[in-house]
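Colleague: This structure is in structure tokens; I'll ask about it shortly.
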Amino acid sequence: MSIKICDAIMGSGKSSAAIQYMNDHPNQKFIYISSFLDEAARIRLACPRLNFQEPRKDIPKYNFRKIIHSQQLISDGENIASTHQMFTRYADDLIENIKKWEYVLIIDETVDVLYPSDISIEDLNILEKSECVMREGNFISKSPDFEYRRGNFRQFFDIAKGKQLIEIEETKSNSSVFYWLFSKELLLAFKDVYVLTYMFDCQIMKYGFDLMGVEFEKIGIKLDENGAYQFCDHTEYIPDYTLHLSQKIHIFDNKKINCIGEDYYALSHHWYSKAEKNGDIKTLKNHMSNFFKHYNKDKNAERRLWATFKDCVGILRSEGFYRNFIAFNERATNKYRNRDVLAYCVNVFMNPNEKKFLSQQGIDIRENEYALSVMLQWIWRSAIRDGKEIWIYIPSKRMRNLLLEWIASVEGRNVSVCTEYNVKPVLDTSKQDTKKRRRRSKIKIRSLK
């Protein structure tokens, strides 16, 4: 078997190539994994001869559980279109049938092979004392001879079939948090695996592969003589529209409105935890309203889109952009391709617990690239995915720099950005203070308008 990473920029035809590949191999068995149910439905419609099935939770025969229905579909050798969430529930008891039917796995956008568990240390201690699980350092596994059939730990042991639990020390306390690590044996049971993504080397899935010792190869996209997208063994293809991104992506360059993001950590999740008390949230709301209603007053509300952390939406929502939110890490959906006025009010950092643990395992973490990849996926939910112009407000100076540098690198040119940051977050509480800050501002980022 082989694991192939189709690492290509958004809009290069990865999904189209996957659909073409499946239609060209009607006798092959496929499991196609995407982020959303509507994308799974799209695959079913795009590959009619393959008769893709979607796991359901409304069938009494399978106890109204999608995972049990999934097990039966795999046992029957059906082609399956499902979601990332369901894929993380796959366990080692599927290995025999996956090998039997020689399934090919296609994953649209990376799936987290390292993801949180809600088990408590108290519950884990009970399981250890009962010898239901065994520990080796930070790694905890189900005891091989133990079978759990019913009870309060059913969901835990459903997931534990083949997966390891990892104990990670919480960065701000002496307590522990727990993560599941996907089963390497299950992954290697597939005939082949294709992962469709961009900037794979900084993704959690890549770090999980490093942790498990999983090898992979990079592939790319090409256009054949009929204009159809195909997988290929080289990665040189770049869509023509990316050569003119600086003419398509208009990054809002306004010192007054951008000054709130001067601090390196401004608009991070930790920043939001304090921002409501010190007045920064009110300031950010005003800046967003100004950007949407005054600087883009010719564009109606249906064209707007903005992002923050999910648990911060309530404090940042305001009239004029109340219903235009999608999560800062949204990916793999085409619902918002008509939106061209955007506000990305987030400064992305890796989960500190995961970062610390992975670093301790000797894995090279690329946090800036990770932050950029998350932002790019969000931006490409908008009209830019169709090559249309967009106007975007990115208050975080760090995130703005990352985008500017990336655009320049894609276009093959150099760009000069200021990498000096204020030590403390800037407050925008009065016109007088603003004038003082503007005089001492060190912002040197040039507009891409």
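Colleague: Of all residues in the range 171-215, how many are at negative phi and in contact with a Ser or Thr (Cβ under 8 Å, 6 or more places away or on another chain)?
Modeller: Taking the range 171-215 first, the residues at negative phi are 171-198, 200-212, 214-215.
From the residues that got through so far, the ones that are in contact with a Ser or Thr (Cβ under 8 Å, 6 or more places away or on another chain) too are 178-180, 182, 192-193, 195-198, 200, 202-206.
Matching residues across the range 171-215 total 16.
Colleague: Can we say GLY208 is of a type outside the set (D, E, K, R), in a strand (DSSP E or B) and not assigned by TED's automatic domain parsing to the domain that holds ARG400?
Modeller: Values: of a type outside the set (D, E, K, R): yes; in a strand (DSSP E or B): no; not assigned by TED's automatic domain parsing to the domain that holds ARG400: yes.
Taking the combined requirement at face value, the residue does not satisfy it.
Colleague: Can you say whether LYS172 is of a type in the set (Lys, Arg), in contact with a helix residue (DSSP H, G or I) (Cβ under 7 Å, 6 or more places away or on another chain) and either under 29 Å from PHE349 (Cβ atoms) or surrounded by 19 or more Cβ atoms within 10 Å (Cβ to Cβ) (or both), as far as the supplied structure shows?
Modeller: Here the answer is no, as LYS172 does not meet what is asked.
Colleague: Turning to a different aspect of this structure: Among the helices (runs of 4 or more DSSP H) lying completely within the range 3-111, list those that include at least 3 residues that are in contact with a helix residue (DSSP H, G or I) (Cβ under 6 Å, 6 or more places away or on another chain).
Modeller: Answer list for the range 3-111: 66-75.
Colleague: Something else about it: Of all residues in the range 333-346, count the ones that are in contact with a strand residue (DSSP E or B) (Cβ under 9 Å, 6 or more places away or on another chain) and either part of a loop (DSSP other than H, G, I, E, B) or at pLDDT below 90 (or both).
Modeller: Residues that pass the stated criteria total 5.
The values are calculated or read from the model by the stated rules, or taken from the named source; none is laboratory data. On a predicted model such as this, the values are computed, not experimentally measured, just so you know. As a convention, Cβ positions derive from the backbone with ideal geometry for all residues, glycine included, and neighbour counts pool all protein chains shown.
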